[in-house]
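Chemist: Once you've had a glance at the structure underneath, I'll fire off some questions.
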Amino acid sequence: MGTDTVRAGAADEAAERRREQRGWYFYDWACSVYSTSVLTVFLGPYLTSVAKNAADADGYVHPLGIPVRAGSFFAYSVSLSVIVAVLVMPLVGAAADRGGRKKPLLAAAAYTGAAATTGMFFLGGDRYLLGGVLLVVANAAQSVGTMLYNSYLPQIALPEERDAVSSKGWAFGYAAGALVLVVNLVLYMGHDSFGLSESAAVRVCLASAGLWWGAFALIPLRRLRDRRPSGREAGEPTAPGFRQLAATVRDMRRHPLTLAFLLAYLIYNDGIQTVISQASVYGSEELDLGQSTLIAAVLLVQVLAVAGALALGRLARTHGAKRTILGSLVAWAVILAAGYFLPAGAPVWFFVLASGIGLVLGGSQALSRSLFSHLVPPGKEAEYFSAYEMSDRGMSWLGPLLFGITYQLTGSYRDAIISLVAFFVIGFALLARVPVRRAISDAGNPVPERI
């Protein structure tokens with residue numbers, strides 16, 4: 001009877017864990033639509049056009065009396081949102097770990113971001129300042145929410161499950177992004193047949209991402225559960241912004257192998273983020289491809305990223321997460337080398353390149369997240385994932401800088417794109433040197449059979 005009771009308890013625990021995992025996947029499903037439809041496709045060009053409507057004769061707008069070129073307003077707003085996120089994430093992460101109540105904080109971040117995104121429906125005319133404020137709020141809220149969402153991974157998945165669980169989360173996000181982007185593009189391309197102006201169609205697409213985010217965030221908020229804090233004093237006060245970040249970094253210095261992985265991730269992820277942000281520039285300026293081709297390529301990346309995330313997750317089961325990530329970095333370098341030789345005016349080869357990016361994009365990011373989850377000391381999940389999230393979103397500036405400087409010196413986008421290989425080579429070398437089994441043990445976590 002005692003053995004049967006133990007087995008029943010283990011079965012119940014496994015069922016509850018799977019239920020939480022299924023709920024966890026849906027936060028990626030909820031918020032990834034913002035990244036795809038809002039940030040990647042619609043908001044940049046639309047907010048720039050709104051700013052130009054409000055510009056003076058010299059092409060400047062004046063938020064808070066500061067002269068800003070209308071064409072730069074979107075980029076500056078994104079930068080400001082990163083600064084806000086960097087200030088807020090360490091505070092929220094430490095509070096989540098010390099109080100053990102992540103779910104209310106996740107709800108606050110999700111619905112702040114969803115409300116700001118839905119409010120973009122009211123952008124129009126010359127309301128550029130409203131657009132900038134909503135962008136800063138939505139982008140910062142997404143960063144905070146994603147940090148909290150990531151920090152659940154070591155709590156809801158056993159060590160041997162994390163690669164698969166993380167990969168499924170990424171796959172859910174890319175699938176949602178592709179699905180909603182298809183619907184949005186149908187609405188946008190056929191706006192006349194729907195009785196909408198082009199501006200109204202864009203505003204509906206923007207607002208729909210916020211409604212989607214808010215609606216599907218209900219699923220993880222119902223299924224995820226809070227846990228008592230462990231590994232530190234509950235209720236310990238948190239320090240303001242950068243002081244809390246400095247305290248987190250000091251604590252990470254006691255785990256140098258965790259810090260070594262984070263450095264490697266910072267380097268190669270900078271390369272990944274730069275490829276994502278600059279691929280459309282390369283396609284339009286160097287390869288003479290039209291907007292419809294570029295949008296179709298974005299869709300292709302989204303669809304194939306689902307398959308890529310799941311496929312690399314399966315590879316990690318047999319070869320380990322570290323080896324699979326290293327293999328993906330080799331693939332990234334090969335893709336960039338192939339991109340250097342792409343002929344201009346040949347969309348088919350650009351789609352082939354986009355296919356390669358899609359297949360390695362989701363997997364390399366998902367496995368990096370799951371591997372990092374093994375390196376986090378128990379009880380400090382949200383705090384450490386705030387540093388991880390800042391590496392993902394707030395520190396990716398070296399790649400665009402190198403891309404821009406290379407183009408400025410050579411006048412060639414081909415030289416600029418091939419220069420990014422350096423990030424994958426350096427990231428590969430740094431990650432290869434991290435003894436992950438020892439790093440996991442030093443962090444106080446059980447070492448999986450295959451990692």
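The values are calculated or read from the model by the stated rules, or taken from the named source; none is laboratory data. Given the structure is predicted, the values throughout are model-derived calculations rather than measurements. With ideal geometry, Cβ positions are generated from the backbone for all residues, glycine too; neighbour counts draw on all protein chains shown. Please note that ligands, DNA and RNA were not included when accessible areas were found on the heavy atoms of the full protein model with its side chains. Shrake-Rupley method; radii C 1.70, N 1.55, O 1.52, S 1.80 Å.
Chemist: Looking only at the range 307-325, count how many residues are of a type in the set (Ser, Thr, Tyr) and closer than 10 Å to residue 363 by Cα. If you could, list the steps in order and put the result at the bottom.
Modeler: To start, the set of residues in the range 307-325 that are of a type in the set (Ser, Thr, Tyr) comprises 318, 324.
Filter once more, keeping what is closer than 10 Å to residue 363 by Cα: 324.
The number of residues fulfilling the criteria is 1.
Chemist: Given the conditions (1) under 27 Å from the mean Cα position of the chain (by Cα); (2) open to solvent by 30 Å² or more (accessible area, probe 1.4 Å); (3) small (Gly, Ala, Ser), report the number of the one that residue 15 does not fulfil.
Modeler: Residue 15 satisfies all of (1) under 27 Å from the mean Cα position of the chain (by Cα); (2) open to solvent by 30 Å² or more (accessible area, probe 1.4 Å); (3) small (Gly, Ala, Ser) except (1).
Chemist: Could you list, in sequence order, the residues of the range 56-76 that are modelled with pLDDT under 85 and either under 18 Å from the mean Cα position of the chain (by Cα) or aliphatic (A, V, I, L, M) (or both)?
Modeler: Within the range 56-76, 68, 70, 75 qualify.
Chemist: Which residues, counting only those in the range 332-364, are crowded, with 24+ Cβ neighbours inside 10 Å and among the polar types (S, T, N, Q)?
Modeler: Result: 364, single match.
Chemist: Let me ask something additional. Suppose we filter 423, 428 for residues that are under 22 Å from the mean Cα position of the chain (by Cα) and open to solvent by 50 Å² or more (accessible area, probe 1.4 Å); which single one remains? Walk me through how you get there before you give the answer.
Modeler: On the way: 423 fails: open to solvent by 50 Å² or more (accessible area, probe 1.4 Å).
When all the criteria are applied, what remains is 428.
Chemist: Would you mention how many residues in the range 24-42 are β-branched (Val, Ile, Thr) and either touching a His at 6+ places or on another chain (Cβ under 8 Å) or open to solvent by 20 Å² or more (accessible area, probe 1.4 Å) (or both)?
Modeler: First pass over the range 24-42, keeping only residues β-branched (Val, Ile, Thr): 33, 36, 38, 40-41.
Imposing the further condition that a residue be either touching a His at 6+ places or on another chain (Cβ under 8 Å) or open to solvent by 20 Å² or more (accessible area, probe 1.4 Å) (or both) reduces the set to 40-41.
Total satisfying the criteria: 2.
Chemist: Tell me, please, whether a residue that is polar (S, T, N, Q), surrounded by 22 or more Cβ atoms within 10 Å (Cβ to Cβ) and in contact with a helix residue (DSSP H, G or I) (Cβ under 7 Å, 6 or more places away or on another chain) can be found in the range 155-162. Steps first, answer last, please.
Modeler: If we filter the range 155-162 for residues that are polar (S, T, N, Q), which is where we start, we get 155.
With surrounded by 22 or more Cβ atoms within 10 Å (Cβ to Cβ) added as a condition, the list becomes none.
No, there is no match, as no residue in the range 155-162 is polar (S, T, N, Q), surrounded by 22 or more Cβ atoms within 10 Å (Cβ to Cβ) and in contact with a helix residue (DSSP H, G or I) (Cβ under 7 Å, 6 or more places away or on another chain).
Chemist: Ok, one more. Identify the residue in the range 69-106 that is out of contact with any helix residue (DSSP H, G or I) (no Cβ under 8 Å at 6 or more places or on another chain) and under 19 Å from residue 378 (Cβ atoms) and, among all such residues, is most open to solvent (accessible area, probe 1.4 Å).
Modeler: For the range 69-106, the residue satisfying everything is 101.
Chemist: Considering only the range 107-130, state which residues are modelled with pLDDT under 95 and surrounded by 19 or more Cβ atoms within 10 Å (Cβ to Cβ).
Modeler: 123, 128
Chemist: Given the structure, is residue 51 more than 25 Å from residue 301 (Cα to Cα), of a type outside the set (S, T, N, Q) and not in a helix (DSSP H, G or I)? Outline the logic, then answer.
Modeler: Values: more than 25 Å from residue 301 (Cα to Cα): yes; of a type outside the set (S, T, N, Q): yes; not in a helix (DSSP H, G or I): no.
In short, no.
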